[in-house]
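Report on one structure; see the data block that follows.
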Amino acid sequence: MEKLEFKKEFAERLKKADTLLFFTGAGISAESGIATFRGKDGLWNKLKPEELANFNAFMKNPDMVWEWYQYRRQIVDESKPNNGHKAIVDFEKFFKVYISTQNVDNLHARAGSTKIEELHGSIVRNFCIDCKTFYNHQELKFEKKVPHCEKCNGLIRPDVVWFGENLRGDAFPNSEKFAKECDICFVVGTSAIVYPAAYIPQTAKNYGAYIVEINIEPTELTYSADYSIFGKSGEILPQIFNLAATLKI
Ligand code: BV8
Ligand code: ZN
């Protein structure tokens, strides 16, 4: 990718900034070989999310839904963080960095980031739908059919948030806190159409943050972003880090 020239206003904001929020979606993991949901070869093109990523689908056909997640976990296990995930870790040298991700692939954690909220849960965790006992995905790695809980024999499901399910734990309220505190909110690799997650960049904007979109194409958020940088996040984020390094020393 050619060397990017960034907008002067962005460089000024970056120089003054202390706290960054990275709000990420499936696009940041595309260069790690993980299919996005709505792109040209997206997961939802071939499969219907309603048929797979929701509780009723799971109860109707637990083996099919379990098998789909086992297939996705195999892809995640074979993937690794790319230069975009790694650049976000590097920003911690000069800024307080928060991540609010819609991704369930655990790649931000594997890259070494620490302040992460997983709005849609994580594919590497499972729990029993009856007694809520957690199971790590590695211990169930070879289960072709939906496994049953060793404590109560209940069905075990992936710990991801399905359509029609409320977000769990403090992920959303913590992400709102990040959004209110950040000076710049980078919106990376998301179509920004899934709610309530998509409220996070809007909250950041309402609280005065500078909104920078990084995507290979315009999205629902482009009209409200302060700055859209079109291209691959794995190529753009390292260049923004290099810019920050020159500004911050
Ligand atoms: C909720 C599961 C309250 C995990 C996912 C009717 C009934 C019930 C709810 C609703 C309803 N109508 C609407 C709703 C709300 C619904 C919703 O928002 N639907 C949308 C689709 C309209 N939301 C919910 O249901 C949420 N819960 O509302 O609870 C409630 C409860 C009961 C009743 C009513 C309300 C739960 C939402 C979570 C759903 N779970 N996945 C899994 O299996 O993965 S959603 C799925 O979409 C993923 O989790 C993903 O994270 C999320 C967002 O997608 P993106 O990450 O943005 O990915 P996408 O492919 O779309 O875009 C990728 C982008 O990257 C593209 O722009 C592309 O250009 C770009 N890109 C590609 N390559 C690169 C790149 N960019 C940079 N570099 C590259 N190299
Ligand atoms: Zn159980």
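Filtering the range 1-36 to residues that are under 23 Å from the mean Cα position of the chain (by Cα), touching a residue at least 60 places away in the same chain (Cβ under 8 Å) and assigned to a loop (DSSP other than H, G, I, E, B) leaves ALA17, ASP18, GLY25, ILE34, THR36. Tell me yes or no: at least one residue of the range 49-63 is surrounded by fewer than 18 Cβ atoms within 10 Å (Cβ to Cβ), more than 16 Å from ligand 2 (Cβ to nearest atom) and within 17 Å of ILE240 (Cβ to Cβ). Within the range 49-63, none of the residues are surrounded by fewer than 18 Cβ atoms within 10 Å (Cβ to Cβ), more than 16 Å from ligand 2 (Cβ to nearest atom) and within 17 Å of ILE240 (Cβ to Cβ). Residue-level check: of (1) within 14 Å of the chain's Cα centre (by Cα); (2) in contact (Cβ under 8 Å) with a residue 60 or more places away in the chain, GLU118 misses just (2). Answer yes or no: is there a residue in the range 113-129 that is closer than 30 Å to SER191 by Cα, more than 16 Å from ligand 1 (Cβ to nearest atom) and not basic (Lys, Arg). For the range 113-129, residues closer than 30 Å to SER191 by Cα, more than 16 Å from ligand 1 (Cβ to nearest atom) and not basic (Lys, Arg): present. For the range 212-221, the count of residues that are of a type in the set (A, V, I, L, M) and touching a Gly at 6+ places or on another chain (Cβ under 6 Å) is zero. More than 16 Å from ligand 2 (Cβ to nearest atom) and in contact with a Cys (Cβ under 6 Å, 6 or more places away or on another chain), is that true of ILE211? When the stated conditions are applied, ILE211 passes them.
Residue pairs whose Cβ atoms lie under 7 Å apart, sitting 6 or more positions apart in sequence or on different chains, and linking a residue in the range 147-163 that is under 13 Å from ALA57 (Cα atoms) to a partner that is among the polar types (S, T, N, Q) and outside any strand (DSSP E or B), are TRP162/ASN54; PHE163/ASN54. For the range 215-249, the tally of residues that are buried (at least 18 other Cβ atoms within 10 Å of the Cβ) and free of Cβ contacts under 8 Å to residues at least 40 places away in the same chain stands at 3. Being in contact with a helix residue (DSSP H, G or I) (Cβ under 7 Å, 6 or more places away or on another chain), basic (Lys, Arg) and under 15 Å from PHE22 (Cα atoms), is that true of even one residue in the range 79-96? Yes, that holds for at least one residue.
Filter the range 225-245 down to residues that are of a type in the set (D, E, K, R) and in a loop (DSSP other than H, G, I, E, B) and give me whichever is nearest to VAL89 (Cα to Cα).
By that ranking, first place goes to LYS232.
Here is a yes/no grid of residues against (1) over 18 Å from GLY84 (Cα atoms); (2) among the aromatic types (Phe, Trp, Tyr); (3) more than 16 Å from ligand 2 (Cβ to nearest atom):
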| residue | (1), (2), (3) |
| --- | --- |
| GLY169 | yes, no, yes |
| SER175 | yes, no, yes |
| ALA198 | yes, no, yes |
| THR203 | yes, no, yes |
| THR219 | yes, no, yes |
| PHE230 | no, yes, yes |
| GLN239 | no, no, yes |
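Selection within the range 1-46: residues that are at pLDDT below 95 and polar (S, T, N, Q). The member of this set that is farthest from ligand 2 (Cβ to nearest atom) is ASN45.
Residues of the range 165-188 being more than 19 Å from LYS115 (Cα to Cα) and not acidic (Asp, Glu), which ones?
Residue satisfying the conditions is ASN166 alone.
The values are calculated or read from the model by the stated rules, or taken from the named source; none is laboratory data. No experiment lies behind these values; they were computed from the predicted model shown. Backbone-built Cβ (ideal geometry, glycine too); neighbour counts: all protein chains shown.
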